[in-house]
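The values are calculated or read from the model by the stated rules, or taken from the named source; none is laboratory data. Keep in mind that this is a model prediction, so the values were computed, not measured. Heads up, the Cβs are rebuilt from the backbone with ideal geometry, glycines too, and the neighbour counts pull from every protein chain shown.
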C-alpha cells in the first residue's frame, strides 16, 4: 500500500510521496502514476511528486505529469514539495533542493506560503502575436483583452498541438494585463487541460509583461491572479537578463491517505 499526501498550490494539485527511505514508485512506471492521478479511478491530481534524498541537497524533487510522464520543472509543485518537506521536519525555514532543471533555493515564509528561487532568464526573441520562453518549463504567452471570455482549454489545445509545438508540447498561457496585476489562464501539456494555476506559467507571464514595457529595467514585484488563487513574481531586470526570479504563493496540505494497491 502507498502512503500519500495531497497538496495544492493555488488549485494546481499534486500527490506527494515521501521516498527518502523506501522506493514506493518506480520512475518508469508511467501507467501506475497516471492511474493515481486519474480523477475518476485514482486519487486525482494534476501531477505526482516524489521527495527523495540527493547528496549535497536537502532533497530532490521528481515531478510527473498527470499522464505519467516525467516532467520538467513545476513551479507550484516546487512550492508544494517544499511545504511537504517542512511538514515532515526535514527542512527548516530555508532549503536547497534539486529539481529537473538544477538547484533551487526556497523560503518557508509560513507553512502555507512558500517562495522558490527560479533560474536567471536571458531576453528571448518575441514573435508577432506571442512570446515563447523557458522558465524551467517551456511556455507560450499571448496577451489578450478579455481572459474571462476566452475558452482557455480549446484555444490552448489548438496552440499546443500546432506546429512547431506538437511533438514536444508546450504550456500555453493567456494573459490579461490589468492596472495593478496580471490575470493568467494556462493550458498545461501532460495534463492536457486547463489547470487552475501554473507556477512557471505565471512567471513567464510576469517576465513577458515587463519586457513589453517602454522602460523595463529595475526591480519588479508582479501580483498575479490565476483561477485557483493569487501568486506573485518578483525579479530584477537590466535590459538583458532577468535575475533573482522568485515565485511566491500558497502551498496547502489538503489530506493524506493510503491507497489500496
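The table for this structure:
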read-out	value
Search result, residues across segment 179-223 that are over 21 Å from residue 246 (Cβ atoms), modelled with pLDDT of 95 or more and surrounded by fewer than 18 Cβ atoms within 10 Å (Cβ to Cβ)	192, 193
Residues within segment 152-174 that are closer than 21 Å to residue 203 by Cα and in a loop (DSSP other than H, G, I, E, B), tallied	4
Sole residue being within 19 Å of residue 252 (Cα to Cα), buried (at least 23 other Cβ atoms within 10 Å of the Cβ), outside the structural domain of residue 225 (by TED's automatic domain parsing) and within 16 Å of the chain's Cα centre (by Cα), chosen from 78, 85	78
Candidates 92, 56, filtered to the one that is over 19 Å from the mean Cα position of the chain (by Cα), surrounded by fewer than 24 Cβ atoms within 10 Å (Cβ to Cβ) and on the phi > 0 side of the Ramachandran plot	56
Subset of segment 217-228 (residues that are over 20 Å from residue 108 (Cβ atoms) and in a strand (DSSP E or B))	218, 219, 220, 222, 223, 224, 225, 226
Scan of segment 229-255 for residues that are touching a helix residue (DSSP H, G or I) at 6+ places or on another chain (Cβ under 9 Å) and outside any strand (DSSP E or B), ordered by number	251
When residues of segment 59-75 are limited to those that are in a strand (DSSP E or B) and more than 14 Å from the chain's Cα centre (by Cα), the one surrounded by the most Cβ atoms within 10 Å (Cβ to Cβ)	59
Selection count, segment 95-111, where residues are within 16 Å of the chain's Cα centre (by Cα) and either closer than 30 Å to residue 145 by Cα or in a loop (DSSP other than H, G, I, E, B) (or both)	2
Among residues of segment 224-255, those that are farther than 16 Å from residue 186 by Cα, touching a residue at least 24 places away in the same chain (Cβ under 8 Å) and surrounded by fewer than 17 Cβ atoms within 10 Å (Cβ to Cβ), counted	8
